Every structure is written in structure tokens, then in C-alpha cells.
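Okay, so here's the structure we're looking at.
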Protein chains: 2
Amino acid sequence: MEIGSVITELSGLVDRELVRVCDRYLSGPAPLVKAMRYSLEAGGKRIRPGLVLLTSDLFGGSRQAALIPAAAIEMVHTFSLIHDDLPAMDNDDFRRGRPTNHKVFGEATAILAGDGLLAFAFELIAKHYPGSAEQATALIRELAEATGPGGMTGGQVLDMTFGESGRDLAAVEKIHALKTAALIRAAVRMGAISAGVADLSAVSEYGLNLGLAFQVVDDYLDQTSTQGDLGKRTGKDGDANKPNYALVAGGTQAAYDRAKALVEAAKAALTDFGPSAEPLRQIADLVLTRKK
Amino acid sequence: MEIGSVITELSGLVDRELVRVCDRYLSGPAPLVKAMRYSLEAGGKRIRPGLVLLTSDLFGGSRQAALIPAAAIEMVHTFSLIHDDLPAMDNDDFRRGRPTNHKVFGEATAILAGDGLLAFAFELIAKHYPGSAEQATALIRELAEATGPGGMTGGQVLDMTFGESGRDLAAVEKIHALKTAALIRAAVRMGAISAGVADLSAVSEYGLNLGLAFQVVDDYLDQTSTQGDLGKRTGKDGDANKPNYALVAGGTQAAYDRAKALVEAAKAALTDFGPSAEPLRQIADLVLTRKK
């Protein structure tokens, strides 16, 4: 199957699973549930849950089981988008082509919608993951570590304070590793855990490099695309002291070269897997060529 | 032992456990870790973790094991205080006698410090709870449910929108149940789970009534105390459309009577336990007579 069709199929699966778990398990005051679902069901590339599913596939895991951690990681990703967009943070008005959560529901509800999605993600795994308790605990550990102060949340703090203590590439890559790559690495690890695999080293290496590449390309696109293309404000990294790889490395060509090397490293980590890893390799190639 | 001494001992244990787990397991950018620890280590009554430990004691559980869920629930409580105090929410400047998190570290870092504490709480249980994976999963389920849209986060949304659709006692009690009692009920359930107990009905009944009583007394104290007594702004519920039991019920006497009945109901739930439940009964009495 063409990778484009695979991605379309996976994002459809994920979209339906998100609706299913919200319909079935999400309860709470109507304005909160509405705000949570507004951002969760706004679409998006569904990269992280797609990686959970494809990595589970790679090891022969059950799709049905992997859908729960897939839904949970997309909730965590959505939580981070809602909080990052807040006026106190990046102050963005558009996301995925729609007004951001706080523009629609107000700042207080947006903060709580993010909080609610984060807690609900862990509840979903702890309560509804169909595999063993050992697997559920391992999945939660991965997701929590990648989300917390040593992962995404820490990366956002460094992102906001970038420039205060130097603007070099090492600082940029540290931020990319925490803010973006930690959760993408967690996605492939969670897929492998769901499939019952113990040795996570190869997929971790793949996920880390893919995550770093993804963010370098994001930085590159911020410089070269329009809001119409991306569904969010672009060129914004030039407004402020932002850790944009292209800006710090001195140009979009340098960023492209770096992303290409990272994609190669991601694919190299999968050498031992043969043809069954083809979808993951093609996803890596797509990260490099994507336009949005 | 006098209940006052028991509480002093327990809060000392909890304080030391919080420092221990942060020293040992909390890593991330220094400004974030500092903001997280500022609020976490600001003291407070440590009611929720104390209830985890005492309920574990009641069933002969291991104190050492119960300290991990105890620390985790205090992290979740602290996360909720940091977010509730934000300008977009209750906009409070003082908490536990000190400037609130956002007054010291700024709004963005305060939001992220809360997020970080929430994720770290789940990481702590998933990674470091010394009991079985089944217990760890059950503990996370309790904590996540009590925190999420069907618990505390939902309660905060209802709190903010109180008055928009009527100001009656039923609405006030619904908010108290979600915003305060859910996490206190979770505390005793987590203590029982940590001790390996399956039948959580009696302690759940105790926890729910205790939690409701706790919030009614909070409302009562808001009307009758000063900032010097409580370490936070008082009389604030009169400023706005706040779900304060004393205000809605028509006076502090009505609130006191309701709190007394709830405390009796909490104690009645423990009838079958005999003398071993004495500390939990005395805690209930203390909730009624507390001045801060």
C-alpha cells in the first residue's frame, strides 16, 4: 500500500477511536467536555498515534489494543497545543486552521481543557487498556516521562527562555529533544510495549531522530510557508527569541541538510527489521518532504 | 497518641517524602523544577497524603509503599492550587501564606509547573510504586478519575460558571463533590488499594462525606476568618458569584450544621472498623473544629 493511503487509513482510525472513547468514557460538565473535544477532534496529522499503531504493527501487536495508547498520546499532544497557544505562552489565535481553544472558550476553560485531557489520557490507559497491568503501567510511565518536566513541559520552559543564556545550536537541539522528540519517541516505544516487546532500543533511536527531524522541518516550514498552508501563524519565530533551527543555523538549507541527516539516522536504526518496517521508513521520508 | 501529634508526625513524613522523591526523581530545566518545588514544598495541611497513610494503616498496609501514592496525590493537589490561583481563574496573590506561584515565577511558568506536577504524579506511581502493577494501575485510575473532567477539573469549571444557571444548594454540593470531595475520596481509596484491600465501599463513603464537610467548613471559614489566619485571601466568595455553602444556605450556622451532619456520616461509615479507625474518626472531628 502507498504510504499516503496508509496515513489516511491510520488517521481515520485514530479519529474514530477518539470519538469512540470520548462518547463512551468522557464525562464532566458540558462546557469542559465541549472545549476538550473541540481541540481533540480538530483533525491534525495524527502523527503520534499513527506511530503507536505502526510500531505495534511492526511487532505483530493487536491494533485494537494499540488504539488506546494511540488515543491517549493524541490527548497529551492536544493538551500541549492548547496550553502552548495560551496568551501567557505563545499567544496564538489559530491552530489546525481554526481559532485556538482560548479564543473560543476563554482562557480559564482552555487551561482546564488542557488539564482535563492530560488527566483523561492517563485514566484511559489505566482503566481501559486491554493488555496486562504491567503493560498499562509501562505505557503510563512512557507517556508521563515524555510529558513531564524531563520531557515536553521542560522543553516548553526552555523554549520560552531561549536566548537568555545564548542562542546556539546545542541549545536549540536540546529544546527540540524535550519539546518534540520526547513524545514522538514515546509514541514508538508505546507501540512496541503494546505489542509485548521488551527491547525498545532500535525503535527509540528511530523515534528520537524522527522527532528531531520533525521539529527541524517545522522550523524550516515556519520560515518558508504561509498561514494558508499550515493552518497556523507562520514566520513567528522571527518575531521573537525563538529556538528556530533555520534561524540559528543560518538558513533554511542548513536546516534541510540537518533534517535529511536525522531522517537517514532514523531509517538506519531500522536496518535489522527488513521490509516490515517499510511504513516507518516511508514516514521518515515524508517528514522531510512534507509541506505542512 | 493524640490526633494532633499523629497529624504532625504524618505531615512531617509527607514533607520528607516529597523532598526525597523530588531530589531523587525530579529532573528538568532548573526554572521549572524550582517553580514546582516552590509550591510543593510550601507546607500546607497535607490532608490528602495523610489520609492515604492512615487508610493504609487501617488495613495494615506498608507505610513505605503508601508514601508514593501519598506524595503523588499531594502533587496533584498542588497542581490544582497553582492553576486555580492563576489570573485567568481565581486570580489570587497569596497561598499558604506566600505569594502564589505565578506572582513569583510568572504566569507561563506557573501553568507549566502545574502541568509538570500532574505528569510527574503519574510518573511517580507508574515508575516507583513498590507494590504490584495491578495496584499501580488501580492507584493511577483513582488519581486520574478524581483529577479529570469527571472530578476536580470539572468542579473548577462549574465553580467558575456558578450562578449562570441558578444558585441553589444542590449546585453548590455538586461543585463541592467534584472540586474537593473527589480527591479526598480518592485519597482514602488509594490508601486502601495500597494496603491490598478490594472492598472500598466503607472508606469511599467516609471520604466522600469528609470531603464535602471539608469544603463546607472552608466556605464557612472564608466568611469568618482573616487572611492572617488562613494564609490566603478571605471573604473573597462574597466578591463574586461563588458557590459558598454559607452564603447560599443563608448563614454560617446553616453551614456549620451541614458540616456537622457530614462529619457524623463520615464517622458512621467506619462503624464496623472498631478502635483501629480512631485516627480517621478524629480527623473527621478536626475538620469540623479547625480554624484554618
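Values in this text are rule-based calculations from the coordinates and carry no lab data. Keep in mind that this is a model prediction, so the values were computed, not measured. Heads up, the Cβs are rebuilt from the backbone with ideal geometry, glycines too, and the neighbour counts pull from every protein chain shown.
Computed values, structure above
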| read-out | value |
| --- | --- |
| Unit Cα scatterers, Debye sum, the protein assembly as shown: log10 I(q)/I(0) for q = 0.05, 0.10 Å⁻¹ | -0.21, -0.82 |
| Which of A:Thr226, A:Leu210, A:Ala170, positive extreme of dipole for the range A:3-289 (C-beta unit charges) | A:Thr226 |
| Candidates A:His77, A:His102, A:His128: whichever shows maximal mean-square fluctuation once chain A is modelled as a Gaussian network with Cα springs under 10 Å | A:His128 |
| Averaged over A:19-32, number of beta-carbon atoms from partner chains that fall within 10 Å | 4 |
| Around A:Cys22: net Lys/Arg minus Asp/Glu count, Cβ-Cβ under 10 Å | 0 |
| Calculated label separations, B:Gln64, copies of the chain, 7 Å along the beta-carbon direction, nm | 4.2 |
| Dipole magnitude (debye, nearest 20) for the protein assembly as shown, charges at Cβ of Lys, Arg, Asp, Glu | 160 debye |
| Among A:Ile193, A:Ile82, A:Ile111: highest mean-square fluctuation, GNM of chain A, C-alpha pairs under 10 Å | A:Ile111 |
| Dipole magnitude of the range A:143-273, debye to nearest 20 (Cβ charges: Lys/Arg +1, Asp/Glu -1, about Cα centre) | 160 debye |
| Selection from A:Ala65, B:Ala119, B:Gln282, by position along the positive dipole direction of the protein assembly as shown (Cβ) | B:Ala119 |
| Coarse-grained scattering of the range B:147-292 at q = 0.16, 0.18, 0.20 Å⁻¹, given as base-10 log I(q)/I(0) from a Debye sum over alpha-carbon atoms | -0.86, -1.06, -1.23 |
| Cut-off under 5 Å, modelled amide H: who pairs with A:Gly163 long-range | none |
| Calculated P(r) tail over 29 Å for the range A:3-289, as whole % of Cα pairs | 30 percent |
| The range A:3-289 - charge dipole about Cα centre, Lys and Arg +1 at Cβ, Asp and Glu -1, debye rounded to 20 | 520 debye |
| Charge sum, other residues only, whose C-beta stays under 14 Å from A:Ala277's C-beta, Lys/Arg counted +1 and Asp/Glu -1 | -3 |
| Cut-off 12 Å between beta-carbons: net charge of the residues surrounding A:Glu107, Lys and Arg +1, Asp and Glu -1 | -1 |
| Of A:Lys103/A:Lys174; A:Lys103/B:Lys174; A:Lys232/A:Lys260; B:Lys45/B:Lys291, pairs whose Cα-Cα distance is over 21 Å | A:Lys103/A:Lys174; A:Lys103/B:Lys174; A:Lys232/A:Lys260 |
| Amide hydrogen neighbours beyond the local backbone of B:Arg95, cut-off 5 Å, H modeled | B:Thr100 |
| Most mobile listed residue (B:Tyr256, B:Tyr38, B:Tyr25) in chain B, GNM with C-alpha springs under 10 Å | B:Tyr25 |
| Pairs from A:Lys179/B:Lys179; A:Lys34/B:Lys179; A:Lys34/A:Lys242; B:Lys267/B:Lys292; B:Lys179/B:Lys242 whose Cα-Cα separation, in the structure shown, is over 23 Å | A:Lys179/B:Lys179; A:Lys34/A:Lys242 |
| Chain B, relative contact order [Cα under 8 Å, separation at least 6], % | 19 percent |
